[in-house]
Amino acid sequence: MTRIFDMNSPDDRARGLGAAAAALGEDRLVAVPTETVYGLAADAFSPTAVAAVFAAKGRPNFNPLIVHCPSVAAVGDVAVMGETAERLAEAFWPGPLTLVLERAPVSRIAPAATAGLATVAVRVPAEPVCRDLLGLYGKPLVAPSANVSGHVSATTAAHVVADLGDAVAVVLDAGPSALGIESTIVEVSDDAARILRHGALTRAAIEDALGRPLQAAPDKDTAIVAPGMTASHYAPRAALRLDATSVEDGEALLQFGGQAVANADGAVAVIDLSPSGDLDEAATRLFAALRDLDAVADRIAVVPIPATGAGEAINDRLRRAAAPRY
Ligand code: TXA
Ligand code: MG
């Protein structure tokens with residue numbers, strides 16, 4: 001049975017943290033809020049707990065997990081931090097940045113968490129409940145997004161329960177995720193940095209901190225560099241039609257900035273990600289909107305969304321949600 005705690009109520013918060021730490025100690029899974037999306041957390045040092053994460057999500061075992069640490073110092077125990085990594089950590093941790101770094105020569109991270117790679121993905125999250133849990137538990141936590149593998153990420157506790165149900169022992173419900181889209185993943189190798197996955201932290205912010213341009217993200221049609229970056233991901237059940245300027249029969253409409261769309265009145269349902277055209281707001285609402293439209297339509301028309309700022313990550317997720325599935 002899944003136990004759900006309302007982390008915005010002081011009593012429940014303390015009991016929820018205790019129950020979560022106890023469950024983690026028994027190799028069970030805990031859904032934790034982060035500032036990006038909800039994570040499916042497990043003890044990063046426990047092979048049993050890590051195996052349970054892959055099983056619950058139906059995640060292929062070649063797709064490694066992100067290790068969440070309470071502090072930059074704790075990251076130093078599991079990964080090698082060079083000058084570029086230090087600078088990015090200083091600028092953005094705690095926060096929505098994941099660094100892919102060389103694994104520490106000796107670390108207690110369960111080998112399955114890194115899928116046999118020589119690198120490890122690490123992040124120091126900012127969300128207060130998540131930080132408190134990391135502090136209380138005292139060990140790093142692996143935490144992929146708390147959704148079934150390949151499906152739309154979870155930005156509310158209800159999304160987590162709908163996807164994972166009884167596989168999760170404890171759900172810490174802190175309300176809707178503040179950012180709503182995953183962390184930006186930056187690979188740092190020999191002090192060169194490149195984006196592997198666009199996300200909540202914009203390219204411009206990272207380039208500002210580094211004082212130089214980043215290498216381009218790997219093209220979606222070329223080699224898969226982050227093992228989880230398959231073409232189809234973040235996908236609802238419904239089919240997506242991108243860059244739509246009209247609505248066809250039977251389609252729901254995913255709007256942005258109240259654009260002119262032919263036959264908009266004929267849509268099964270309409271959600272505008274941001275009527276005022278704010279890309280940050282649109283990113284926050286994207287996954288919930290996809291789930292909501294998925295519940296009422298088999299096809300979703302999506303208007304064009306600018307690819308600047310947060311729009312880079314939004315367009316990445318939409319492309320993968322629309323990609324052919326195998
Ligand atoms: O915001 C986030 O990053 C959320 C929250 C819960 O922290 N987590 C998340 O995890 O999005 P997940 O597992 O859904 O996505 C992690 C991505 C996958 O695409 C995986 O392939 C990639 O990180 N990854 C993990 N380790 C890697 C490595 N060593 N090298 C390259 N990519 C890696
Ligand atoms: Mg994910």
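The values are calculated or read from the model by the stated rules, or taken from the named source; none is laboratory data. Owing to the predicted nature of the structure, the values given are computational and were not obtained by experimental measurement. Because the Cβ atoms are built from the backbone with ideal geometry, glycine has one as well, and the counts that use them run over all protein chains shown. Just so you know, the surface numbers come from the protein's heavy atoms only, side chains and all, with ligands and any DNA or RNA stripped out. Shrake-Rupley method; radii C 1.70, N 1.55, O 1.52, S 1.80 Å.
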Looking at (1) at pLDDT 95 or above; (2) small (Gly, Ala, Ser); (3) outside any helix (DSSP H, G or I), which is the one condition that is false for SER107?
-> (1)
Please find, among VAL186, VAL160, the residue that is away from ligand 2 (no atom under 16 Å from the Cβ), within 25 Å of ARG319 (Cβ to Cβ) and buried (at least 24 other Cβ atoms within 10 Å of the Cβ).
-> VAL186
Exclusive hit being at pLDDT below 95 and under 19 Å from LEU40 (Cβ atoms), set THR230, THR155 = THR230
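Let's see how each residue does on (1) more than 27 Å from SER149 (Cβ to Cβ); (2) open to solvent by less than 30 Å² (accessible area, probe 1.4 Å); (3) within 16 Å of ligand 2 (Cβ to nearest atom); (4) in contact (Cβ under 8 Å) with a residue 12 or more places away in the chain:
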{"site": "PHE45", "(1), (2), (3), (4)": "no, no, no, yes"}
{"site": "ALA49", "(1), (2), (3), (4)": "no, yes, no, yes"}
{"site": "PRO60", "(1), (2), (3), (4)": "no, no, yes, yes"}
{"site": "ASN63", "(1), (2), (3), (4)": "no, yes, yes, yes"}
{"site": "VAL75", "(1), (2), (3), (4)": "no, yes, no, yes"}
{"site": "VAL80", "(1), (2), (3), (4)": "yes, no, no, yes"}
{"site": "ALA85", "(1), (2), (3), (4)": "yes, yes, no, yes"}
{"site": "LEU88", "(1), (2), (3), (4)": "yes, yes, no, yes"}
Applying the selection to the stretch 122-142, what residues are part of a loop (DSSP other than H, G, I, E, B) and open to solvent by 10 Å² or more (accessible area, probe 1.4 Å)?
-> ALA126, GLU127, GLY138, LYS139, PRO140
Is there any pair with a first residue in the stretch 15-38 that is within 30 Å of PHE92 (Cβ to Cβ) and assigned to a loop (DSSP other than H, G, I, E, B) and a second that is within 10 Å of ligand 1 (Cβ to nearest atom) and at pLDDT below 95 whose Cβ atoms are under 9 Å apart and which are 6 or more apart or on different chains, and what are they?
-> none
Which members of the stretch 22-40 meet the condition of being crowded, with 18+ Cβ neighbours inside 10 Å and out of contact with any Ser or Thr (no Cβ under 9 Å at 6 or more places or on another chain)?
-> ALA23, ARG28, LEU29, VAL30, VAL32
Selection count, the stretch 152-210, where residues are more than 13 Å from the chain's Cα centre (by Cα), outside any loop (DSSP other than H, G, I, E, B) and polar (S, T, N, Q) | 1
